[in-house]
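Report on the structure given below.
The values are calculated or read from the model by the stated rules, or taken from the named source; none is laboratory data. This is a predicted model, so every value here is computed, not measured. Neighbour counts run over all protein chains shown; Cβ positions are idealised from the backbone, glycine included. Ligands, DNA and RNA are excluded from the accessible area calculation, which covers all protein heavy atoms including side chains. Shrake-Rupley method; radii C 1.70, N 1.55, O 1.52, S 1.80 Å.
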Amino acid sequence: MKPEARMATACVHSGEPRGEALGAVVPPIYESVTFDYVKGPIGDRYHYTRWRNPTVEALERKVATLEGTDTCLAFSSGMAAITTSLLSLLNRGDHLLAQRDLYGATFELITRKLPSFGIEVEVLEHDDLQSIGERFKQETKAVYLESPTNPLLRIVDFEKISTEAHEHNAIVLMDSTFGTPINQQPHRRGVDVVLHSATKYLNGHSDVVSGVAAISESIQKRLWEGRKLFGGVIDPLQSYFLLRGLKTLAARMRIHNENGIAVAEFLEDHPKVTRVYYPGLKDHPEHELAKSLMTGFGGMMSFEVKGGKEDAERVLEHLRVIRPATSLGGVESLASMPANSSHLFLKPEERQRAGIGDNLIRLSVGIEDPEDLKEDLGQALGTL
Ligand SMILES: *Cc1c(COP(=O)(O)O)cnc(C)c1O
């Protein structure tokens, strides 16, 4: 395992080329599709940007340092990272164990697409993850997890599950988008493939769609080949934006963590809010587990308003500082209703089973002054 990096410094400096390109302090953008042919071994040089590109590789080095993995591959979206990873690691006849509480599109991919390729999928309820050890079969090749979950902020004991999976020679993939490498480092606790929608916190400015898979060297070849064939590569310019966004990740997360707890406590005490889902609150059912796996709880939370869908819509309509938009992890606060955004394409009974009500609002707390956010939520909830 790689030695632990000092995160704020690693965010700024790691992965960046030194002594290249006239000594430029800011990494150059190699916005080139192809590179001159040079005689010699094929592995040492750049050829074609769908294979590899120096700006993309700077990004990949930075993320690998932050996650403590050997290496990393970057993709054109979080879903490209997730799909490419699953399709590269699984074959017809393999068995996949997956939790039910997943990002909507991931759930669709796993339950609708993978079975059509002959991959057997078994979906586990949150409470059944405790006894996941009994579910492994000869054919079980992988376990797919997400923690904290979108949108109910459930916490999964990925350390324990990784130990069990490895006893059965299964690979563990986990979506760590809500966690960020600042608040949790799943690879240090056994997760083999750490996935992110880099669209969210890693980039942090809501202006790039992208994804990453931080991985061990032993998996690199299979995933690299998958990316080359499926083609979900990230553009060098987008990689540069991400490199820039990542420089402030540790600094941004400090504020997201502080604002997150302040806003969650405010909502918890509000008479028009019936329930708050935030792992940093003492009455979150997995608060103790969250404290053991995470060093901060981030800016993501969900809450139920008194009433139904119209009441939740009313709150969104009246927000003035917080923007009523889907997505998350940017410097600006965003609020959305999972039932009509991230989980829209699930069947109503699938949403119900996942505990996603029509009165649920998901809030991505940004880096604004927390007093402004509390005031804004207060006035919008006051219209109910
Ligand atoms: C947004 C998101 C994704 C999908 O990422 P895209 O970049 O939109 O493809 C996957 N997982 C989680 C937890 C997300 O929030």
### Residues satisfying the stated conditions in the range 176-234, i.e. crowded, with 23+ Cβ neighbours inside 10 Å, away from the ligand (no atom under 16 Å from the Cβ) and not β-branched (Val, Ile, Thr)
185, 187, 192
### Query
Which one of the conditions (1) under 30 Å from residue 127 (Cβ atoms); (2) open to solvent by 10 Å² or more (accessible area, probe 1.4 Å) does residue 323 fail to meet, given that it meets all the rest?
(1)
### Message
Every residue in the range 346-364 that is within 18 Å of residue 278 (Cβ to Cβ) and of a type in the set (S, T, N, Q), please.
### Response
359, 364
### Query
Within the range 186-206, can you find the residues that are of a type in the set (Val, Ile, Thr) and in a loop (DSSP other than H, G, I, E, B)?
191, 199
### Query
Can you name the residue in the range 286-315 that is surrounded by fewer than 17 Cβ atoms within 10 Å (Cβ to Cβ) and closer than 23 Å to residue 148 by Cβ and, of all such residues, is farthest from the ligand (Cβ to nearest atom)?
288
### Task
Kindly list the number of the only condition in (1) among the polar types (S, T, N, Q); (2) open to solvent by 60 Å² or more (accessible area, probe 1.4 Å); (3) in contact with a Leu (Cβ under 9 Å, 6 or more places away or on another chain) that fails for residue 336.
(2)
### Query
Applying the selection to the range 135-171, what residues are assigned to a strand (DSSP E or B), of a type outside the set (D, E, K, R) and more than 16 Å from the ligand (Cβ to nearest atom)?
140, 142, 143, 171
### Message
Quick check on the range 338-359: of everything there that is away from the ligand (no atom under 15 Å from the Cβ) and of a type outside the set (D, E, K, R), which residue is nearest to residue 127 (Cα to Cα)?
### Response
355
### Query
Any idea which residue in the range 78-111 is most open to solvent (accessible area, probe 1.4 Å), counting only those that are out of contact with any Ser or Thr (no Cβ under 9 Å at 6 or more places or on another chain) and more than 16 Å from the ligand (Cβ to nearest atom)?
92
### Task
Please specify each residue of the range 18-43 satisfying the condition of being closer than 21 Å to residue 224 by Cβ and in contact with a Pro (Cβ under 6 Å, 6 or more places away or on another chain).
30
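So that you can scan it fast, the table gives a plain yes or no per residue for (1) within 14 Å of the chain's Cα centre (by Cα); (2) at pLDDT 95 or above:
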site	(1), (2)
36	no, no
39	no, no
45	no, no
56	no, yes
60	no, yes
70	no, yes
75	yes, yes
80	yes, yes
96	no, yes
### Message
Of all residues being polar (S, T, N, Q) and within 27 Å of residue 352 (Cα to Cα) in the range 116-140, which is surrounded by the fewest Cβ atoms within 10 Å (Cβ to Cβ)? Just the residue, please.
### Response
116
### Message
Looking only at the range 207-228, how many residues end up being part of a helix (DSSP H, G or I) and either more than 19 Å from residue 142 (Cβ to Cβ) or in contact with a helix residue (DSSP H, G or I) (Cβ under 8 Å, 6 or more places away or on another chain) (or both)?
### Response
7
### Query
For residues in the range 4-25 being of a type outside the set (Gly, Ala, Ser), open to solvent by 50 Å² or more (accessible area, probe 1.4 Å) and touching a residue at least 12 places away in the same chain (Cβ under 8 Å), which is nearest to residue 182 (Cα to Cα)?
4
### Query
Would a scan of the range 239-247 turn up a residue that is within 12 Å of the ligand (Cβ to nearest atom), part of a helix (DSSP H, G or I) and either at pLDDT 95 or above or open to solvent by 10 Å² or more (accessible area, probe 1.4 Å) (or both)?
yes
### Query
Taking into account only those residues within the range 339-362 that are within 17 Å of residue 146 (Cα to Cα) and either among the aliphatic types (A, V, I, L, M) or crowded, with 23+ Cβ neighbours inside 10 Å (or both), which is modelled with the highest pLDDT?
362
